[in-house]
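Engineer: One structure, as structure tokens, below. Some questions next.
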Number of protein chains: 2
Amino acid sequence: MDSKKQREGMTRRDFLKMTAVAGVGLAIGGAGVSAIERAVRPASTSAAESNPSEDTIPMYGEHQAGIITPQQTYMYLASFRITTEDKAAVIRLFRDWTRFSDLSTSGGTMKTGDNPLLPPSDTGETLDLPASKLTVTFGFGPTFFSVEGKNRFGISAKSPRYLKDIPRMPKDNLDHLQSGGDVIVQVCAEDQQVAFHAVRNFIRLSTGYATLKWIQEGFISGSGGKTPRNLFGFKDGTANNLHQTPAGYNDVVWAGEDEPAWMKGGTYLAYRKVRMLLEVWDRSSLTDQEDTFGRHKESGAAYGTKDEFDTVDPAQMPVSAHVRLAKQSKQLIHRRGYSYTDGVDLRTGNVNAGLLFISYQKNPDEQLIPMLKLMQSQDKLNEYTSHVASALFACPGGLREGQYIGQSILES
Amino acid sequence: MDSKKQREGMTRRDFLKMTAVAGVGLAIGGAGVSAIERAVRPASTSAAESNPSEDTIPMYGEHQAGIITPQQTYMYLASFRITTEDKAAVIRLFRDWTRFSDLSTSGGTMKTGDNPLLPPSDTGETLDLPASKLTVTFGFGPTFFSVEGKNRFGISAKSPRYLKDIPRMPKDNLDHLQSGGDVIVQVCAEDQQVAFHAVRNFIRLSTGYATLKWIQEGFISGSGGKTPRNLFGFKDGTANNLHQTPAGYNDVVWAGEDEPAWMKGGTYLAYRKVRMLLEVWDRSSLTDQEDTFGRHKESGAAYGTKDEFDTVDPAQMPVSAHVRLAKQSKQLIHRRGYSYTDGVDLRTGNVNAGLLFISYQKNPDEQLIPMLKLMQSQDKLNEYTSHVASALFACPGGLREGQYIGQSILES
């Protein structure tokens, strides 16, 4: 991070502190139930807007941030189970999460230490750090709307059209403890400490309302706008280039007119945790590796072409090549994946590592599931990968200031 | 990363490619045993030095890099078991590791694809990335020198004076699968993908010679030179300020005259993986938190002082305060810790997270072990922490170009 950004970040935080209204702080109930009453943030939107920073990504708008936002380097996914059946309690939680999101994405922190006999309102590890392009993206799983036919919060009629668990696929090896969930929070930032700070405070604010089901961290680095490479050393996400226009996003990402009103501007987040057998891959020849993708490793160019973004001709590739199969489905998805490393697999002595496949699409039934089926049955990549976790969530459209996450589902 | 650094990084890589001598590349034997024959790196040191970059930290010198180097944001520790009893094989491994370290810390990659029928010589995920201040630091555990009285490589007489496992401490809860090891590699960089690339290629190059025992990743962010905060939200490493001069490092870090010759310029790396019970901590009051450390949370100032670096007066703190106990031992250590997050603890539903305590010191018997004993029996911090892994390694002095890691132990 260069020193200019640094200074801007700090100036902004000082600004936030100065403009905080009297009485800010956090009230924490004796029973461990917490709520943000008011927090340290700009006194007005216009004041905030008058001090834009390269370090912040606006939270409000037609769409949630973190979907078509250029990929930040670090990500956490945190999946929650809602533990209350009380709709008013869920609303309190989502209001708290929204206030914290608003504050942290704009570079603020909750005020620490108004009353030393209470827990600090903020855990504090980002007190000296800028917003680092923090984004927070919420999605809702099938079990948020109904569980075993039970209409949990009176919203089962508003379940979006394509929201269901991804069906079992050939060669799936899923750990259900790392899959699914009622609510997902995708937190991305250029700094892992900033990202984890947000995750950890979402967990803290959920006490009494929800419990953490699973959490997963990831990283990925492109450089100077180049397509980042995955742990197989190949560029990952090249095909996003085909739809990165407003019209393209409407065709590929943003939900259609056939959805409940709250999905306007929304989309579906699909998640597959894909273990990569790095040791096997690293022992295979360059030809094998390139045949597996149908692209050249160093340049990213498809077989029979010269440059990464040249038009792909599937006929030039082996029939089981990953890119050929992707093209065969004739569908586009918006990819936003990360790599992960997860210690040693004690059974094999190999590193637990791989790809957190994340895609956003308007219609998973058409765009994603046929592609997954084709790939998981025929893809040469299967020799080197294993799908170990899975989830599908519906992400509502963006918020206007004053609204809270999920309001359009719970209150309309 | 700003675009200037970017351009320098790429220019340097292009330079490396252009100056590569003919016939570079990697030879991989049919049996999975690999070796770097020659790699893509500057043809001469003077050429390399004429193109310095802010992105690189020199590997050669009196001391290994990564010890008193300002902390980078990301770290991996990879602990290996040597599986061969053949000293010549160990030397081959260490030569390969040294060549790869030389290359990757100067921003180069092994050449990919000389022979498409062989595995690529580099795994490729950093082809587009700069060196990102990569450092690689090697250390040797007690079992490198002898196992159960058996002199493994004829070097048991050269075991350094204070090298032994850290003795069992009060309240220890150690997982031996995550502790110890024959050889440690500490890899640090400003970019996790760059750090993991190095770790993964060390693993790859070790095939046939060594296996991975454990691997651990960490992160930490200060900002503009400020002391970084740990996951308790407190500044961590403030006391390093007391010895950060050449004389101070001699007193605290660099091995003394009473050590084997190869320890000249070397030191001891102590590692404790300390689980932090974040949920318990986050429910405790600000007063409790500050009493636990004996410092104020936001400013980092010790009790009774105003600023972070003001002289500490232990009498101002509760008797069980962390900083008071640290001062009571009257010893200094050089701290270089990181935070970690590790998914969900399925027994409790809490996040597995904490501190990777790493300290460098010349005499662990005097500087570290009494401090640990005092703290693990009396420290108020014990209410919120649990030590789950441990290791001690001896790190040799730095290399001159042409030498390989461990040469002074194995060949002198």
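The values are calculated or read from the model by the stated rules, or taken from the named source; none is laboratory data. On a predicted model such as this, the values are computed, not experimentally measured, just so you know. Note that we place each Cβ from the backbone using ideal geometry, even for glycine, and neighbour counts take in every protein chain shown. When the accessible area is computed, the model is the full protein with side chains, heavy atoms only, and any ligands, DNA or RNA have been set aside. Shrake-Rupley method; radii C 1.70, N 1.55, O 1.52, S 1.80 Å.
Engineer: Can you run phi through the Karplus equation (6.51, -1.76, 1.60; θ = phi - 60°) for the range A:398-407 and list ³J(HN,Hα) in whole Hz, with x for Gly and Pro?
Structural biologist: The phi angles translate into x, 9, 8, 4, x, 7, 10, 3, x, 4 Hz.
Engineer: Does anyone have the angle between helix A:369-378 and the longest principal axis of chain A? Alpha-carbon axes, 0 to 90°, nearest 10?
Structural biologist: Around 40 degrees separate the two axes.
Engineer: Whole-Hz ³J(HN,Hα) for each residue in the range B:324-338, computed from phi via Karplus 6.51 cos²θ - 1.76 cosθ + 1.60 with θ = phi - 60°, x for glycine and proline: what do you get?
Structural biologist: 3J(HN,Hα) across the range B:324-338, in whole Hz: 4, 5, 4, 5, 4, 6, 6, 10, 10, 9, 9, 8, 8, x, 9.
Engineer: Continuing with the same structure: Between the range A:101-169 and the range A:291-347, what's the alpha-carbon centroid distance in Å?
Structural biologist: Result: 33 Å between the Cα centres.
Engineer: Here is a follow-up. Of B:Thr267, B:Ala195, B:Phe232, which is farthest along the charge dipole of chain B in the positive direction, counting Lys and Arg as +1 and Asp and Glu as -1 at C-beta?
Structural biologist: Result: B:Thr267, furthest along the dipole toward the positive end.
Engineer: Okay, moving on. Can you give the Rg to Rh ratio for the range B:315-412, taking only C-alpha atoms and Rh from Kirkwood?
Structural biologist: 1.09
Engineer: Based solely on its DSSP helices, what 222 nm [θ] is calculated for the protein assembly as shown when runs of n ≥ 4 H residues each add -39,500 (n - 2.57) and the sum is averaged over all residues, nearest 500 deg cm²/dmol?
Structural biologist: -7000 deg cm²/dmol
Engineer: While we're looking at this one, here's another question. Placing a label point 7 Å from Cα toward Cβ, how far apart in nm is B:Lys164 from its equivalents in the other copies, listed shortest first to one decimal?
Structural biologist: The projected label point of B:Lys164 is separated from its counterparts by 6.5 nm.
Engineer: For a quick check: with amide H placed at 1.01 Å from N, whose amide H comes under 5 Å from A:Ile57's, ignoring anything fewer than 5 positions away on the same chain?
Structural biologist: Here the answer is A:Lys133, A:Leu134, since their amide H atoms fall under 5 Å of that of A:Ile57.
Engineer: Where does helix B:3-19 land angle-wise versus the long Cα axis of chain B, in degrees 0 to 90, nearest 10?
Structural biologist: Relative to chain B, helix B:3-19 is tipped by roughly 30 degrees.
Engineer: Considering only protein heavy atoms, what per residue accessible area in square angstrom results for the protein assembly as shown with a 1.4 angstrom probe?
Structural biologist: For the protein assembly as shown, the per-residue accessible area is 38 Å².
Engineer: Here's a follow-up. Let a ≥ b ≥ c be the square roots of the eigenvalues of the Cα gyration tensor of the protein assembly as shown; is it rounded (a/c under 1.5), or, if not, prolate (a/b larger than b/c) or oblate?
Structural biologist: oblate
Engineer: Output wanted: per-residue J couplings in Hz (rounded whole) for the range A:293-299, from phi through Karplus 6.51 cos²θ - 1.76 cosθ + 1.60, θ = phi - 60°, x for Gly and Pro.
Structural biologist: With the stated coefficients, the range A:293-299 comes to 8, x, 10, 7, 5, 6, 7 Hz.
Engineer: Let me ask something additional. For B:Asp365 and A:Gln331, what is the calculated FRET efficiency with R₀ set at 51 Å and r taken between the beta-carbons, to the nearest 0.05?
Structural biologist: 0.20
Engineer: Based on the alpha-carbon gyration tensor of the range A:83-227 and its eigenvalue square roots a ≥ b ≥ c, which shape applies: rounded if a/c is under 1.5, prolate if not and a/b is larger than b/c, or oblate?
Structural biologist: oblate
Engineer: Within 10 Å of each Cβ in A:215-222, how many Cβ atoms from other chains are there, averaged over the peptide?
Structural biologist: So the per-residue partner count for this stretch is 6.
Engineer: Right, next: Select from B:Gly354, B:Gly149, B:Gly233 the residue whose mean-square fluctuation is largest in a Gaussian network model of chain B (Cα-Cα springs shorter than 10 Å).
Structural biologist: Checking each option, the largest mean-square fluctuation is seen for B:Gly149.
Engineer: Further question on the same structure: Could you work out the relative contact order of chain B, using alpha carbon pairs under 8 angstrom and six or more residues apart, expressed as a whole percent?
Structural biologist: The normalised contact order for chain B reaches 22 percent.
Engineer: What does the copy distance list look like for A:Gln244, label position 7 Å along Cα→Cβ, in nm and ordered from shortest?
Structural biologist: Its label point is 3.9 nm from the equivalent points in the other copies.
Engineer: Below 8 Å, C-alpha to C-alpha, sequence gap of six or more: please give me the relative contact order for the range A:214-373 in percent.
Structural biologist: 29 percent
Engineer: Who wins for biggest fluctuation among B:Asn352, B:Asn230, B:Asn363 in a Gaussian network model of chain B, springs between alpha carbons below 10 Å?
Structural biologist: Checking each option, the largest mean-square fluctuation is seen for B:Asn352.
Engineer: Here is a further query. Only Cα pairs under 8 Å and at least 6 apart count here; give the relative contact order of the range A:148-238 as a rounded whole percent.
Structural biologist: Reported relative contact order: 16 percent.
Engineer: Moving on to the next point. Pairing the Cα long axis of helix A:87-105 with the longest principal axis of chain A, what angle in degrees results, from 0 to 90 and rounded to the nearest 10?
Structural biologist: 80 degrees
Engineer: Name the long-range amide H neighbours of B:Ser221: under 5 Å, sequence gap of 5 or more, or other chain; modelled H, no Pro or chain starts.
Structural biologist: B:Arg229
Engineer: Quick check for me: using +1 on Lys/Arg Cβ and -1 on Asp/Glu Cβ, what's the dipole size of the protein assembly as shown about its Cα centre, in debye to the nearest 20?
Structural biologist: For this selection, approximately 560 debye.
Engineer: With all protein chains present, how much of the accessible area of the protein assembly as shown (probe radius 1.4 Å) comes from carbon and sulfur, to the nearest whole percent?
Structural biologist: 52 percent
Engineer: Also, quick follow-up: If amide H atoms are built 1.01 Å from N in the plane of the peptide, which residues on other chains or at least 5 residues away come under 5 Å of the amide H of B:Asn352?
Structural biologist: When sequence neighbours closer than 5 places are left aside, the close amide H contacts are B:Asp342, B:Gly343, B:Val344, B:Asp345.
Engineer: Size of the dipole of the range B:265-412 about the Cα centre, Lys and Arg at +1 and Asp and Glu at -1 on the beta carbon, nothing else charged, in debye to 20?
Structural biologist: 280 debye
Engineer: To the nearest 100 Å², how much accessible surface do chains A and B hide from each other in total, with a 1.4 Å probe?
Structural biologist: Chain pair A/B: roughly 5400 Å² of buried accessible area.
Engineer: May I pose another question? Per-residue mean of other chain beta-carbon atoms within 10 angstrom of the beta-carbon, peptide B:186-199?
Structural biologist: Going residue by residue through B:186-199 and averaging, the value is 3.
Engineer: Shape verdict for the range B:220-277, please, from the Cα gyration tensor: rounded (a/c under 1.5), prolate (a/b greater than b/c) or oblate.
Structural biologist: It is oblate, given that a/c is not under 1.5 and a/b is not larger than b/c.
Engineer: Take chain B, connect every pair of alpha-carbon atoms lying under 10 Å apart with a spring to form a Gaussian network, then pick out the residue of B:Gln244, B:Gln376, B:Gln71 with the largest mean-square fluctuation.
Structural biologist: B:Gln244
Engineer: Copy-to-copy spacing for A:Asp365, label 7 Å out on the Cα-to-C-beta vector, in nm, shortest first?
Structural biologist: The projected label point of A:Asp365 is separated from its counterparts by 7.4 nm.
Engineer: Hey, can you list the residues from the range B:106-154 whose accessible area shrinks by 30 Å² or more with all protein chains present, relative to the chain by itself (probe 1.4 Å, no ligands or nucleic acids)?
Structural biologist: Buried-area filter returns B:Thr112, B:Pro116, B:Pro119, B:Pro120, B:Thr123, B:Glu125, B:Leu127, B:Asp128, B:Leu129.
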